[in-house]
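> I am attaching a structure below and will ask some questions about it afterwards.
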Amino acid sequence: MRILFITDPLETFKTYKDSTYAMMVEAASRGHELFFCLQSQLSLVGGAVEAVAQRLHLTDAEDSHGHDEGHGKDHGAWFRLDAAAAMPVPSFDAVLMRKDPPFDMEYVTSTWLLELAESQGANVFNKPQAIRDHSEKVAIAQFPQFITPTLVTRDAARIRAFHAEHRDIIVKPLDGMGGMGVFRVGADGMNLGAIIETLGANGVRTLMAQRYIPAIKEGDKRILLIGGEPVPYALARVPMAGEVRGNLAVGGTGRAQPLSERDREIAQTLAPVLWQRGLLLVGLDAIGDYLTEVNVTSPTCFQEIMQQTGFPVAGMFIDALERAVAVRAAAKGA
């Protein structure tokens, strides 16, 4: 297959933990051809969607992962690129949208272009419409049996009333990532007004408030769904001392562990539904017994699970991708 990866700049990758890199390595090991472009290199030209793309070759720089264990920084060239050329997006067998958030208007515009490319024959994963349709925070409301008491509103008075009812809450923006802008407000309500005003830009931005889940001390679990099936291990991201956020980006420690009975119930309920909607890869977040997010833009944690358990997450992903492309090819040929 010819696979186009739409990503952030390759030089920003931390290859020792990057999930997209793990996908690339697995795909290349099977003989698939890799191509790369930035989100900004998608264009609509004469009615056709094109990407200014480059053939991507993985190299063995320094060691097999090209990184410094002690400092967590990549150095050396782990890739080589051929000359850039404008190519029709449908000319690739698979297109993987792996651009990290923020999910801003440029991201939305990319999904519009990729959706048009789909109508011209492209196989895009995750499905652009499905990415747009699933707010990573608000989508949990479609599965109310699995969530803690939750409020989504711009109304400061409603948030204050929610706090008065539950006493210990989390307040966060809807477009944050990596734990950005997540605040806990305890029973004393200290700084609640300032948090609402700041995060909500004085009523301009919608916020989410949730009852605090004490099980965060045991980790914010990332549960991966691939091709409608759960990976049997989750990555529990355990907060550092004094934190309520387990995100690895803010110092959390990743601990791979088998899915609990409740994890499996959540995963097995959501997996076929989300797969049917065109989501090949989903990263569910769960704290204790509760679903907290449905991540569909660029889910991660492949390498941490692979390194700690030996389970071939990237292999499972490329297996699912190959099957999905084969099914679509058969449907087009029928």
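The values are calculated or read from the model by the stated rules, or taken from the named source; none is laboratory data. Not measured: the values here are computed from a predicted model. FYI the Cβ positions are ideal-geometry reconstructions off the backbone, even for glycines, and counts take in every protein chain you see. For accessibility, only protein heavy atoms count, side chains too; no ligands or nucleic acids. Shrake-Rupley method; radii C 1.70, N 1.55, O 1.52, S 1.80 Å.
> Over all directions, what mean area does the Cα convex hull of segment 72-171 project, stated in square nanometres?
11.4
> Measure out, as a whole number of angstrom, how far apart the alpha-carbon centroids of segment 129-153 and segment 221-254 sit.
One Cα centre to the other: 18 Å.
> Report, to the nearest whole %, how much of the accessible area of the chain belongs to carbon and sulfur atoms, 1.4 Å probe, protein only.
Carbon plus sulfur share of accessible area: 53 percent.
> Starting from 0.36 nm per residue, how many nanometres of slack lie between Glu197 and Arg167 once their C-alpha separation is accounted for?
8.9 nm
> To the nearest 10 Å², what's Phe92's accessible area with a 1.4 Å probe?
Looks like 10 Å² after rounding.
> Here's something else I'd like to know. Could you state, as a whole-number percent, how many of the C-alpha pairs of segment 228-332 are farther apart than 19 Å?
Above the 19 Å cut-off, segment 228-332 has 48 percent of its Cα pairs.
> Need one value: the accessible area of Tyr233 in square angstrom, 1.4 angstrom probe, rounded to the nearest 10.
Around 70 Å² of this residue is reachable by solvent.
> Once you have all Cα-Cα distances for the chain, histogram them in 20 Å bins from zero and send the whole-percent values.
30, 57, 14, 0
> Here is a follow-up. May I ask for the net charge around Val49, where only other residues with Cβ less than 10 Å from the Cβ of Val49 are counted and Lys, Arg are +1 while Asp, Glu are -1?
Local charge sum for Val49: -3.
> Related question: Gap in Å between the Cα centre of segment 265-334 and the Cα centre of segment 2-54?
Their Cα centres are 19 Å away from one another.
> Sticking with this one: Where does helix 156-166 land angle-wise versus the long Cα axis of the chain, in degrees 0 to 90, nearest 10?
70
> Using a 1.4 Å probe on the protein heavy atoms only, what accessible surface does Trp112 show? Give it in Å² to the nearest 10.
Accessible area, nearest 10 Å²: 130 Å².
> For segment 206-334, what's the relative contact order in percent, using C-alpha pairs closer than 8 Å and at least 6 residues apart?
Rounded, it is 26 percent for segment 206-334.
> Also, quick follow-up: What do you get for the angle between helix 313-333 and the principal long axis of the chain? Use alpha-carbon atoms, 0 to 90 degrees, nearest ten.
Helix 313-333 and the main axis of the chain meet at about 60 degrees.
> Compute a Gaussian network model of the chain, connecting alpha carbons closer than 10 Å, and tell me which residue from Val185, Val244, Val204 fluctuates the most.
Top of the fluctuation ranking is Val204.
> Let me ask something additional. Calculate, for segment 273-334, the solvent-accessible area per residue in square angstrom, rolling a 1.4 angstrom probe over the heavy atoms of the protein chains.
Each residue of segment 273-334 exposes 38 Å² on average to a 1.4 Å probe.
> Mind putting a number on the dipole of the chain about its Cα centre? Charges go on the C-beta only, +1 for Lys and Arg and -1 for Asp and Glu, and I need it in Debye to the nearest 20.
Computed charge dipole of the chain: roughly 720 debye.
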